[in-house]
């Protein structure tokens, strides 16, 4: 079969590449054409565009690049028609992919959404577009199945690709000593800094995280470099600060061997929990009190911002979001997770419970099988 896959960020590239690998095991005639990244390219097929060339972060950047944005819309639409795939598989990236869902559906193509937009958190009106233009949603979080089913969206829950990614990580059996030797780190306990993958996030959060260093002289701070960044992007933040390093392509190993972590909201909170790194979640946005009001009263429709707390439906990790965030609050929480043994152990016990809720690895394989069975059934019924 012919698969047209659209992923627009590093995480989508990872999860889509795993899905492609599993589809090839089931479908010996699988052919891929895609928008994605290097990991998808390694699985074969034809890349239309790399996500580095199409990802615009923030409203200002999108507005500035509107001609290119609309050019990419038209390019993708025409390419789908020319390729004439058996299915269009959309991976996250809602700003782009919801438009492609509408186009593909209206032009008679089957549409699957893998890692669907977090419409349960904000902009819930998007669920009506998904119901109208997507043939089936493959959810990655346990509570999403009930949410989509409530809106009569065809839905399957096959587990989380994050569980797969963590389970299949490189250097999984590596000891802490082997890790710090290989990466040139000191023997001090490690505190991981995951400041986000967007420029605006890093500019807001990384200085706050690094400000903690003076209070933890016996620890080495290590920044998990985002795939779209270079060392030079972090250099202005760490210049003159001792015991702060940057590692690229080592996030899972870093979390695995860290004593604690400071994490911006997002998938990274779940990754840190699955790798048993006690964490504090910290996030601020522009707009001060106005954003506080709008986010709580209008935009955000859920009680938590971290996936860990959302999945468990209770506070497992402390969330310092907007007005709750301050350097004093961050310092207080970081001291707890570093030094308070009882506090750490409770968080780690909650992490074990999270493991049970998320299920075992094999998500990409299960999702590929569900997609293949659905496609095969439809071909038989034609």
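Observations on the model:
- Residue match in the stretch 43-56 (condition: crowded, with 16+ Cβ neighbours inside 10 Å, in a helix (DSSP H, G or I), at pLDDT below 95 and not assigned by TED's automatic domain parsing to the domain that holds residue 266): yes
- Strands (runs of 3 or more DSSP E) lying entirely in the stretch 114-210 (those with 3 or more residues that are surrounded by 16 or more Cβ atoms within 10 Å (Cβ to Cβ) and in the same structural domain as residue 326 (by TED's automatic domain parsing)): 190-194
- Being assigned by TED's automatic domain parsing to the domain that holds residue 339, closer than 21 Å to residue 268 by Cα and surrounded by fewer than 18 Cβ atoms within 10 Å (Cβ to Cβ) holds for only one residue in 233, 218, and it is 233.
- Members of the stretch 142-163 found to be in contact with a strand residue (DSSP E or B) (Cβ under 8 Å, 6 or more places away or on another chain) and touching a residue at least 12 places away in the same chain (Cβ under 8 Å), listed by number: 142, 144, 145, 148, 153, 154, 155, 156, 157, 158
- Of the residues making up the stretch 152-166, one or more are touching a helix residue (DSSP H, G or I) at 6+ places or on another chain (Cβ under 7 Å) and farther than 28 Å from residue 352 by Cα.
- Condition check for residue 247: assigned to a strand (DSSP E or B) and in contact with a helix residue (DSSP H, G or I) (Cβ under 9 Å, 6 or more places away or on another chain): yes
The values are calculated or read from the model by the stated rules, or taken from the named source; none is laboratory data. Note that this is a predicted model, so its numbers are computed, not measured. Here the Cβ is made from the backbone with ideal geometry for all residues, glycine too, and neighbour counts use every protein chain on show.
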